[in-house]
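The structure under discussion appears below in the form of structure tokens.
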Amino acid sequence: MTIIDLAVFGAAQNRSYKRLADFTDTIGNRVSGSHNLEMAIKYMYNAIAQDGLYVHLEPVKIPHWVRGKESAEMILPRAKGLAILGLGSSVGTPPEGIEAEVLVVESFEELKRRASEAVGRIVVFNQPFVSYGETVAYRAYGASEAAKLGAVATLIRSITPYSINSPHTGWQDYQDGVKRIPTACITVEDAELMWRMAQRGQSIVVRLTMGAKTLPDADSFNTVVEITGWQHPEQVVLLSGHLDSWDVGQGAMDDGGGAMISWEALSLIKDLGLRPRRTLRTVLWTAEEQGGIGAQQYYNLHKVNMSNFDLVMESDLGTFTPVGLQFTGSDAARKVMEEVVKLLAPINTTKLETNGEGTDISPWMQAGVPGASLHVADSRYFWFHHTEGDTMTVQDPQDMNLCSALWAVVAYVVADLEDMLPR
């Protein structure tokens, strides 16, 4: 029986979906530093061990930011509640909150042009969504850019192409030497509302209250699962997803699905009694959302064995219908990978694309190790990303079967080739 048959039509059908539902329904969301994340790691360790795979934990230190109670309301030109989500690493407001007039801008350029108007104001960014990669700069750097000009807080239009009044959280980065001001995301609808009001010349006043705080770094673990290679056990094909999530929704899509298919891939290979020449290693990263914190420590610990890392893989853009594999590597390695993906013809995902991506595998790829990521029909991904809407409802069992099959085939075949991928 083939890997694809087992995953898509056989006894393992819908298994990764069921495992994801059991996990996310039991644990819920699991933000870096939280008790929930600790519980999630224990849960996965036990579940994987029960599955009969070798699993161990590698300790790391991770950030511990706590949201606390938060709220915002527009006071002028009319009273209206604003749906917000504070951004990771943000400071809180004083207990009584911050009440100030609002300056609405659509870009960093407009902010600089209107610098004198930012003093003492809450800056609202109403930047259009171009792409996640481009537009996320407003979430990441908006607070410090506004603080440089004397703003007292920032409210940032959520980084999404689609909204039903849903705020999207995420990490933000304070710049050294710049005053730290509270920052939160607001909905697309409220950002546009305030922009229209400002265009009419109306004075806008908002009150923002945030109980956010940063606690000392917490202890955590990367979860590591292995099937040892029979010929070159020291050589590794690494598959991965991250186990942490934001503190909203269930973290089913980001990145419960990626974590589950990375476990499922090894389950499928074990169930078929297969053992490749090289070691297959699944890593479930901790604290990805804070900037790949668990993965960076893993890299620092294991980069001494860099020459033995054959291929690093990450799934962190959803587990919807797979369309192909994104790959970064030498031309010679790409030729090999083009042959590998031909084996995915039964599930119609034979496309080898450019630019393998993933926060957690990027240190390896930057150092020259070939990298691959799962490309899925992800147009809906950013609708639910980092919101209360990231739940099991967005997941589909058949899609997850296909993703698991692709993931397992690529990992197994590369791990069982005569030679390592040429650098």
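The values are calculated or read from the model by the stated rules, or taken from the named source; none is laboratory data. Computed from a predicted model, the values in this text were never measured in an experiment. Quick reminder, even Gly has a Cβ in these numbers, built from the backbone with ideal geometry, and neighbours come from all protein chains shown. Each accessible area value is taken on the protein alone, full model and side chains, heavy atoms only, with ligands, DNA and RNA left out. Shrake-Rupley method; radii C 1.70, N 1.55, O 1.52, S 1.80 Å.
Observations on the model:
- Mean separation of Cα contacts under 8 Å (6+ apart) over length of the chain, as relative contact order %: 22 percent
- Once backbone amide H atoms are built at 1.01 Å from N, Val60 has Ser220, Phe221, Asn222 as its partners under 5 Å, excluding neighbours fewer than 5 places away on the same chain.
- With the alpha-carbon atoms of the stretch 200-311 aligned to their principal axes, the span from lowest to highest coordinate is 71, 31, 29 Å, starting with the largest.
- Ordering of 92-103, 182-193 by packing [mean C-beta count within 10 Å, highest first]: 182-193, 92-103
- Normalised per residue, the accessible area of the stretch 326-391 is 44 Å², obtained with a 1.4 Å probe and no contribution from ligands, DNA or RNA.
- Taking a ≥ b ≥ c as the square roots of the Cα gyration tensor eigenvalues, the stretch 59-126 comes out oblate, since a/c reaches at least 1.5 and a/b does not exceed b/c.
- Label point at Arg334 placed 7 Å out along Cα→Cβ; residues across the stretch 407-423 whose backbone nitrogen lies under 15 Å: 422-423
- Protein-only accessible surface at a 1.4 angstrom probe places the residues Trp285, Trp171 in the order Trp171, Trp285, largest first.
- Taking label points 7 Å from Cα along the Cα-to-Cβ direction, Asn300 and Ser71 give a separation of 4.1 nm.
- Net charge of the neighbourhood of Leu149, taken over other residues with C-beta under 10 Å away and scored Lys/Arg +1, Asp/Glu -1, is +2.
- Taking the stretch 302-390 and dividing mean pair separation by its residue count, relative contact order in percent (alpha carbons under 8 Å, at least six apart): 44 percent
- Taking amide H as placed 1.01 Å from N in the peptide plane, Thr350 has no amide H partner under 5 Å among residues 5 or more places away or on another chain.
- Taking the accessible area of the chain, probe 1.4 Å, and keeping the other protein chains in place, the carbon and sulfur fraction comes to 52%.
- 20 °C / 1.002 mPa s Stokes-Einstein diffusion coefficient of the stretch 299-423, Kirkwood radius on C-alpha pairs, µm²/s: 141 µm²/s
- For the chain: Kirkwood Rh in Å [reciprocal of mean 1/r, alpha carbons]: 22.3 Å
- Antiparallel bridges, percent of DSSP beta bridges restricted to the chain (to nearest 5): 55 percent
- Sequence ranges 386-392, 9-15, 345-351, ranked by mean other-Cβ count within 10 angstrom, highest first: 386-392, 9-15, 345-351
- If you plug the beta carbon distance of Gln398 and Ala115 into 1/(1 + (r/R0)^6) with R0 = 60 Å, you get a FRET efficiency near 0.70.
- Taken as entire DSSP H runs, the helices of the chain that both span 15 Å or more between Cα atoms along their own long axis and average 0.0 or more on the Kyte-Doolittle scale are 257-271, 397-415.
- Per residue solvent-accessible surface (Å²) - the stretch 1-114, probe of 1.4 Å: 48 Å²
- Summarising the amide proton neighbourhood of Met313: residues at separation of 5 or more, or on other chains, whose placed amide H is nearer than 5 Å comprise Leu238, Leu239, Ser240, Ala372.
- Accessible area per residue was computed with a 1.4 Å probe on protein heavy atoms; Asp217 scores about 100 Å².
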